[in-house]
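Engineer: First the structure, then my questions, so here it is.
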Amino acid sequence: QRLKAAVHYAVGFLCQEVEEDKGVQFSKQSIAAISEITFRQCEIFAKDLEMFARHAKRTTVNTEDVKLLARRSNSLLKYITQKSEELASSNMEQKEKKKKKSSAAKGGRTPGEQEAAVTENEDSNMA
């Protein structure tokens, strides 16, 4: 119920923006109809995404499922693909930063250098 109300609010807000931008008016009934259609379409999308993931023998919906859902709209598919690639590169950058930070915290050595230092230390302890 709260989700449905949130969709109705968002549709109302968007209709208000269109009214200001284009000078077109929306009746309360038309906003309610657009809200209902939007909510039902989202339910269909959710079921489709779940089925795509299940078909791939997964329990988690991923970006490939979303791309498959958007395949009928070239502009939407292009947008989703672009955003997906941006997120992937951003995630890679964050992982690289974490690796550098953890490396610096361990004395700024690479794993190979750390191993050599440990071996050196063990050798000096034995002597």
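Engineer: Quick check: convex hull of the Cα atoms in the stretch 1-60, volume per residue, rounded to a whole Å³? The partial results should precede the final answer.
Structural biologist: Working: hull volume 5.7 nm³, N = 60.
Looking at the stretch 1-60, the number lands at 96 Å³ per residue.
Engineer: Order the following by accessible area, largest value first: THR81, THR60. Probe radius 1.4 Å; ligands, DNA and RNA are ignored.
Structural biologist: Working: THR81 40, THR60 90 Å².
Final ranking, largest accessible area leading: THR60, THR81.
Engineer: For SER103 and PHE45, what is the calculated FRET efficiency with R₀ set at 30 Å and r taken between the beta-carbons, to the nearest 0.05? Don't skip to the answer; put the middle values down first.
Structural biologist: Working: r = 43 Å, r/R0 = 1.42.
Plugging the Cβ-Cβ distance into 1/(1 + (r/R0)^6) gives 0.10.
Engineer: Would you mind getting the accessible area per residue of the stretch 65-109, heavy atoms of the protein chains only, 1.4 Å probe, in Å²? Intermediate results must be reported in sequence, preceding the final value.
Structural biologist: On the way: 3830 Å² over 45 residues.
I get 85 Å² per residue for the stretch 65-109.
The values are calculated or read from the model by the stated rules, or taken from the named source; none is laboratory data. Remember, it's a predicted structure, so these values are computed and weren't measured experimentally. Ideal geometry is used to build each Cβ from the backbone, glycine not excepted, and the neighbour counts take in all protein chains shown. SASA here: full protein model, heavy atoms, side chains in, ligands and nucleic acids out. Shrake-Rupley method; radii C 1.70, N 1.55, O 1.52, S 1.80 Å.
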